[in-house]
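The values are calculated or read from the model by the stated rules, or taken from the named source; none is laboratory data. Computed from a predicted structure; not experimentally measured. In this analysis, Cβ positions are derived from the backbone assuming ideal geometry, glycine residues included, and neighbour counts consider all displayed protein chains. To get the accessible areas, we keep the full protein, side chains included, count just its heavy atoms, and leave off ligands, DNA and RNA. Shrake-Rupley method; radii C 1.70, N 1.55, O 1.52, S 1.80 Å.
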Amino acid sequence: MTELPSYLPIELETTTFDLIVVGTGIPESVIAAAASASGKTVLHLDPNSFYGSHSASSHLNDLISFLNYHATLPSTTAANTTSASSSHDFTALNLSLQSLYSNVETANYAPETLAQHSTQFFVDLGGPRGIEASFIWDGSGRLCDVPDSRSAIFKDKSLSLLEKNQLMRFFKLVQQHLGASNGDDEGRESSKISEEDLESPFVEFLKKMRLPPKIKSIILYAICLVDYDQDNLEVCKSVLKTRDGMERLALYQNSIGRYGASGALLYPTYGLGELSQAFCRRAAVKVLRMPVTALLIDQNSGQYKGVRLASGEDLFSHQLVLDPTFIVPLPPASSPPDLRESFQVLSLKDDKRKVARGICIISSSLKPDISHFLLIYPPRSLFPEQDTSIRALQIGGGLDKLAVCPSGMFVLYFSGLCDDAGQGKRLLHAAMNALLTLPISANPESGSAAGSEDAEVKPTLLWSMLYIQELTTLPTGQYENIISTPMLDGNINFSDLIESTVVLFQKMYPDEVFFPETPSSPEVPENSEDGIELSLEN
């Protein structure tokens, strides 16, 4: 057991809130902001010195420290949180932490260069979402454009005239169906896809449309962003229905060029950590660098009552939200039997899948004329046993680009679903080897290849970190007003994560509107405060 360092009291004006939220990741921050928008009093806590938790954007050294710590979590408890006090009507139950990262593997091939620029990196822990262009790996080493508009289809030189016509007809069918479904004048009822087809696997519908394998792969994996191999339905762990495929196509098409960019995806200037920080500012009171060490449980009813901080202070709330790192303890033996029995049903349901993630720093762009883009490796495109898509997202840095890395360098993120660490690392290594080359000094066995034409095209790998992230799904219920949030999933967008977060909020506050519309207000001066923000030093 590791003894906690000493923490100064935060000395708030009140010790009771409607909601206490622990963690500043995207799910926790969205819930805190939504509750605050509904008029709830919210206390937002985080043991870290930065916003974002598992969805933070960090400097390289901070990222390494965070991952290594969470991959080998110590047993951290405080001695004064283990027993009931005769002067209070509650019992303090220690909170423990679970490891959500494993198999962390770091390699640095340019230590002097990276040390000089280490503070210029803002690297996303949970992998980034969004960018301006998309490509798909064709299996032979080429990055093919993803034609996502009429003009892009006509300009694409990699498509034959027949393929262009097939893709145009398919997109026209989709638009007619969506128009008819939405009641638009341009869409007639006869243009709607039948209910039978909508309930069938999307891959079967695409075959029915006689689309060739290349076009089908682009639609499934680069536009609809499907994870698993849809051509092998016997082993596919998640089959996309045509109805859901149409919804994804509609979302993609409606997003193209919406905010001025040519693609359908966006990315924050300073990394994804900006998103959670923006929601954090909506909460009334925010406190960084303050761990929560215990739950306060009513001695008579066995119900949740509050939390104990590392400073020794006891704070109370009607609801509690915890990030997925925390393990909620079982109710004490003195609790009513029905509470202990119900808790077994209301525990967190684990998702046995994992996300294999890789972060690479490279010396040049994979596409000389483009800095920010998404690359999709469809299933089976790298090796026969590859049954999931692998996504690679390149982000460029510099004053005229995104402020995530120094000018002349690029950050490349890899991600893919896997069942275990061995499978995940194989996916990552295969994707990296297809795109990158190691410096000659770091890979002596490839010395003869380093001077080849192929090696000259591939960017040089300067630094890499590979790791495996656990997944958790929604809790199957609540332990009397305690909610655990899900981890970031393997998607390139936040659709599923936000949907899960909305479900949690509605379970907590069934009578409240999730972010009710408010009338426009006058512009707030730049030096105004959104609320109270406390950042306590140890």
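Which entries in Lys157/Lys425; Lys164/Lys425; Lys40/Lys305 show an alpha-carbon gap greater than 27 Å? Please report the intermediate quantities before stating the final value.
Working: Lys157/Lys425 34 Å; Lys164/Lys425 37 Å; Lys40/Lys305 17 Å.
From the list (Lys157/Lys425; Lys164/Lys425; Lys40/Lys305), the Cα-Cα distance tops 27 Å for Lys157/Lys425; Lys164/Lys425.
How about Lys458: which lysines have a C-alpha closer than 16 Å to its C-alpha, ignoring those fewer than 8 places off in the same chain?
Filter leaves Lys367.
To one decimal place, what Kirkwood hydrodynamic radius in Å is obtained for the range 130-181 from all pairs of distinct Cα atoms?
12.4
Separation between the Val104 and Gln120 pseudo-spin-labels, each 7 Å from Cα along Cα→Cβ, expressed in nm?
That separation, rounded to one decimal, is 2.5 nm.
Compute and list, largest first, the equivalent-ellipsoid semi-axes of the range 106-252 from the alpha carbon gyration tensor, each √(5λ) rounded to a whole angstrom.
Numbers: eigenvalues 250, 66, 59 Å².
The three semi-axes for the range 106-252 are 35, 18, 17 Å.
Just to make sure I understand: if all protein chains stay in place, what is the order of Arg380, Arg357, Arg258 by accessible area at 1.4 Å, largest first? Kindly include the intermediate steps, with their values, before the conclusion.
Details: Arg380 90, Arg357 10, Arg258 160 Å².
Greatest to least solvent exposure: Arg258, Arg380, Arg357.
Mind ranking Lys305, Lys155 by accessible surface for me, highest first, 1.4 Å probe?
Numbers: Lys305 55, Lys155 155 Å².
The most accessible residue leads, giving Lys155, Lys305.
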